[in-house]
Amino acid sequence: MQNAVQAYKVGQFEEAVTRMQKLRHTPGISGAQLMAVNNAMATMMGDIQALANKGDQRAIQAIKRY
């Protein structure tokens, strides 16, 4: 999760989304961990969507990937 958040912070949105998706499908992930990943993903995607609405191409690409 830390790598996904770091990628997001430096504007590597597509990488961040990809890492979060991989976390969701990690074998053995607990319910609490999955909830934390889903909450973080929802927050991240909300921010990315807002940037995409303003024309940010990195954000648009991340949404297409998601």
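The values are calculated or read from the model by the stated rules, or taken from the named source; none is laboratory data. Small disclaimer: the values here were computed from a predicted structure and weren't measured. Heads up, the Cβs are rebuilt from the backbone with ideal geometry, glycines too, and the neighbour counts pull from every protein chain shown. SASA here: full protein model, heavy atoms, side chains in, ligands and nucleic acids out. Shrake-Rupley method; radii C 1.70, N 1.55, O 1.52, S 1.80 Å.
Here are the numbers:
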item	result
Residue-level accessible surface for residue 5, protein heavy atoms, 1.4 Å, Å²	50
In degrees, nearest ten, helix 13-24 long axis to first principal axis of the chain (Cα)	20
Those lysines that a straight Cα-Cα span of less than 25 Å connects to residue 54, excepting residues fewer than 8 apart in one chain	9, 64
Accessible area per residue in Å² at 1.4 Å probe, computed on the chain	65
At most 11 other Cβ within 10 Å, DSSP loop - trypsin sites (Lys or Arg not before Pro), the chain	54
Which labelled figure in [x] 101; [y] 65; [z] 82 is volume of the Cα convex hull per residue in Å³, once derived from the coordinates	[y]
Cα-centred dipole magnitude for the chain, charges only on beta-carbon of K, R (+1) and D, E (-1), debye, nearest 20	100
The range 14-66: relative contact order in percent, alpha carbon pairs under 8 Å with at least 6 residues between	50
0 to 90° range, to nearest 10: angle between helix 31-53 axis and the chain longest Cα axis	0
